[in-house]
Amino acid sequence: MEATGSASNFSEVETPLIDGVVDGFIDYKGVEVAERFAYYGISSNLITYLTGPLGQSTATAAENVNAWSGTASLLPLLGAFVADAFLGRYRTIIIASLLYVLALGLLTLSALIPYSDCESDTSCSPPRFQVILFFVSLYLVAFAQGGHKPCVQAFGADQFDTENPEERKAKSSFFNWWYFGMCAGPLVALCVLNYIQDNLSWGLGFGIPCIMMSVALLIFLGGTLTYRFGEKVEEKGAFLRIGQVFVRAYRNRRTTSSSISLEEEACGTLPHQGSHQFRFLNKALVSPDGSKEEGKICSTGEVDEAKAVLRLFPIWASCLVFAVVFAQYSTLFTKQGVTMDRSIGLSFDIPAATLQTFISITIVILIPIYDRVLVPIARSITRIPSGITVLQRIGIGIFISVLSMVVSALVETKRLQIAEEYGLVDDPNATIPMKIWWLIPQYLLTGAADVFAMVGLQEFFYDQVPSELRSIGLALYLSIFGVGSFISSFLISVVDKTTGGNGEDGWISDNLNRGHLDYFYWFLAGISAIAFVIYLYLAKSYIYNRPR
């Protein structure tokens with residue numbers, strides 16, 4: 001929700017589509033690409049920095065990465081609240097971008113501070129001040145992206161006028177191509193920055209994203225006059241309206257069922273076909289004394305709005321295990337790769353984190369195929385504009401993620417067998433004579449899962465909330481991965497403590513050759529399969545807020 005009096009609004013100005021995109025798209029898309037470049041430039045190789053220059057153990061580093069990723073994915077809830085309730089998306093994007101630049105600058109500074117008394121950069125711990133500055137900067141990055149991430153995408157989707165048939169049709173592909181564009185940032189980051197960080201300088205590897213974000217902010221500001229800004233159409237904000245429904249339903253909890261039924265009949269039917277769900281909220285329609293005085297009851301539209309938000313949470317919860325699986329590619333997958341043969345030619349070793357580029361490459365290849373080939377074919381069969389429903393799309397992605405864990409377990413079993421065959425089990429620094437390319441299938445499956453589940457979740461949580469709360473909707477989508485990262489961190493901690501101890505190596509050991517990552521992957525595959533079945537049940541009973 002943006003301030004009235006902005007450059008333009010949906011009802012007053014018609015902005016022509018150019019190749020299916022409204023004028024000004026490149027500017028806010030560009031700032032998102034730069035933000036993803038910066039974020040993945042840090043996150044993709046973070047575990048290497050923690051176990052290298054900062055000297056942490058594999059389990060501790062994985063827990064720290066998951067904790068940071070979880071925080072970064074939960075903070076959008078705060079950023080979205082500030083944007084939707086107070087500042088508006090445009091102002092929040094600018095403030096968050098400035099904070100991002102500051103955070104990246106401090107992160108670069110922390111990596112440039114010299115320290116001595118070390119035989120190598122992987123065999124000692126840096127000064128406490130440097131560690132504190134690093135983590136403060138790291139969490140400042142998380143705080144900045146918490147304001148940036150939900151607002152840029154919602155602001156981009158807002159540029160399409162749903163009252164215009166042509167723009168409404170173009171918007172159906174928006175989330176596909178948005179995610180396609182987002183992958184350009186990580187792809188370059190993984191190809192270039194990981195090499196710079198591993199072979200040249202961590203300071204330079206953190207400094208380049210700082211420069212990129214600064215340039216992107218200037219580009220975004222340059223497109224200001226071409227943007228569409230929504231205007232406030234309700235006297236009461238969406239937060240207040242929805243909150244009042246829950247408060248008044250509680251206050252009117254003594255209202256009899258017969259009174260509620262009479263009120264429903266008097267109103268006809270509630271405007272949404274799912275209004276018979278969560279009927280306890282219908283108590284907000286009538287007070288115990290039968291009064292209809294303003295301030296004591298809510299309208300049918302407000303009650304239906306609250307129910308629409310409440311219906312999201314079972315789907316949200318059922319996708320958490322998918323997020324746990326998603327957390328592994330930037331932590332344990334990378335540590336696997338470090339132990340394997342990464343040589344190309346005689347003198348070049350590919351950074352282990354660079355294999356994450358195969359996720360982006362898979363997305364870049366599959367999204368056009370999905371949007372231009374699969375959707376039209378499915379549309380001709382189902383008569384659904386998007387080909388398949390959003391929840392069907394998410395379900396396919398979750399199923400693929402289960403397969404990715406199965407493949408990961410099988411590959412890790414093979415790696416351990418080779419380590420034992422060559423007598424390398426007790427050498428944590430040994431290079432296993434097994435090419436790192438064995439990991440490519442699990443990265444490809446992760447990318448394929450993203451094409452279906454990730455894009456589907458973005459569209460679902462944007463589309464199924466009131467228009468004024470779309471930043472919050474996207475923040476809810478991001479929070480799945482925040483909570484999922486925390487769950488992953490918790491699981492790693494529990495597994496590390498329960499499977500190790502008494503001088504024995506656990507599943508997730510500093511010496512991966514004596515550990516059993518394959519057991520952990522099988523464990524994740526099992527709980528993912530259970531979560532998938534639960535998701536299917538919930539998705540089948542879900543009633544869309546808007547006709548699909």
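The values are calculated or read from the model by the stated rules, or taken from the named source; none is laboratory data. Just so you know, these numbers come straight off a predicted model, no measurement behind them. A quick note on method: Cβ atoms are made from the backbone with ideal geometry, for glycine too, and the neighbour counts reach across all protein chains shown. Just the protein is used for accessible areas: all its heavy atoms, side chains included, with ligands, DNA and RNA removed. Shrake-Rupley method; radii C 1.70, N 1.55, O 1.52, S 1.80 Å.
Listed conditions (1) in a helix (DSSP H, G or I); (2) within 20 Å of the chain's Cα centre (by Cα); (3) not acidic (Asp, Glu) are all met by Val465, apart from (1).
Taken together, the criteria place Tyr443 among residues that are of a type outside the set (Lys, Arg), in contact (Cβ under 8 Å) with a residue 12 or more places away in the chain and either open to solvent by 30 Å² or more (accessible area, probe 1.4 Å) or within 20 Å of Val325 (Cα to Cα) (or both). In segment 52-87, the qualifying residues are those that are surrounded by 22 or more Cβ atoms within 10 Å (Cβ to Cβ) and among the polar types (S, T, N, Q), and the one that is modelled with the lowest pLDDT is Thr58.
One line per residue, one yes/no per condition, for (1) under 21 Å from Asp450 (Cα atoms); (2) open to solvent by less than 70 Å² (accessible area, probe 1.4 Å); (3) over 22 Å from the mean Cα position of the chain (by Cα); (4) at pLDDT below 90:
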| position | (1), (2), (3), (4) |
| --- | --- |
| Leu374 | yes, no, yes, yes |
| Arg383 | no, no, yes, yes |
| Gly387 | yes, yes, yes, yes |
| Arg393 | yes, yes, no, no |
| Phe399 | yes, no, no, no |
| Ser404 | yes, yes, no, no |
| Val407 | yes, yes, yes, no |
| Thr413 | no, yes, yes, no |
| Gln417 | no, no, yes, no |
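What about Ile472, is it touching a His at 6+ places or on another chain (Cβ under 9 Å) and modelled with pLDDT under 85? No: the conditions fail for Ile472.
Taking the condition in contact with a strand residue (DSSP E or B) (Cβ under 8 Å, 6 or more places away or on another chain) and assigned to a helix (DSSP H, G or I), does Ile418 pass? Quick ask: steps written out before the conclusion?
Working: in contact with a strand residue (DSSP E or B) (Cβ under 8 Å, 6 or more places away or on another chain): yes; assigned to a helix (DSSP H, G or I): yes.
Here the answer is yes, as Ile418 does meet what is asked.
Does Leu281 satisfy the condition of being touching a strand residue (DSSP E or B) at 6+ places or on another chain (Cβ under 9 Å) and free of Cβ contacts under 8 Å to residues at least 60 places away in the same chain? No: the conditions fail for Leu281.
Of everything listed in (1) touching a helix residue (DSSP H, G or I) at 6+ places or on another chain (Cβ under 6 Å); (2) part of a helix (DSSP H, G or I), the single unmet condition for Asn545 is (2). For Ser259, the criteria (1) at pLDDT below 70; (2) under 26 Å from the mean Cα position of the chain (by Cα); (3) surrounded by fewer than 19 Cβ atoms within 10 Å (Cβ to Cβ) hold in every case but one, which is (2). Taking each residue of segment 184-203 that is modelled with pLDDT of 80 or more and looking for partners that are hydroxyl-bearing (Ser, Thr, Tyr) and open to solvent by 10 Å² or more (accessible area, probe 1.4 Å) with beta-carbon atoms closer than 6 Å, six or more apart or interchain, yields Gly203/Thr108.
Scanning segment 422-458 for residues that are of a type in the set (Phe, Trp, Tyr) and out of contact with any helix residue (DSSP H, G or I) (no Cβ under 6 Å at 6 or more places or on another chain) gives Tyr422, Trp437. Checked against the criterion of being within 26 Å of Tyr195 (Cα to Cα) and in contact with a helix residue (DSSP H, G or I) (Cβ under 8 Å, 6 or more places away or on another chain), the candidates Ala83, Ala67 yield just one match: Ala67.
The requirement of being more than 16 Å from Ala38 (Cβ to Cβ), polar (S, T, N, Q) and at pLDDT 75 or above is fulfilled nowhere in segment 115-122; no residue meets it. Against the definition (surrounded by fewer than 23 Cβ atoms within 10 Å (Cβ to Cβ), hydroxyl-bearing (Ser, Thr, Tyr) and modelled with pLDDT under 50), how does Thr15 come out, yes or no? Against the criterion (surrounded by fewer than 23 Cβ atoms within 10 Å (Cβ to Cβ), hydroxyl-bearing (Ser, Thr, Tyr) and modelled with pLDDT under 50), Thr15 qualifies. Against the list (1) over 22 Å from the mean Cα position of the chain (by Cα); (2) at pLDDT 75 or above, the condition Cys151 fails is (1).
Within the option set Ala96, Ala157, being modelled with pLDDT under 75 and among the small types (Gly, Ala, Ser) holds for one residue only, Ala157. Taking segment 421-440 as the range and being in contact (Cβ under 8 Å) with a residue 60 or more places away in the chain, over 29 Å from Ile363 (Cβ atoms) and open to solvent by 60 Å² or more (accessible area, probe 1.4 Å) as the test, the residues that pass are Asp426, Asp427, Pro428, Thr431, Pro433.
If you check Ala111, Ala38 for being modelled with pLDDT of 80 or more, among the hydrophobic types (A, V, I, L, M, F, W, C), in a helix (DSSP H, G or I) and open to solvent by less than 10 Å² (accessible area, probe 1.4 Å), only one passes: Ala38.
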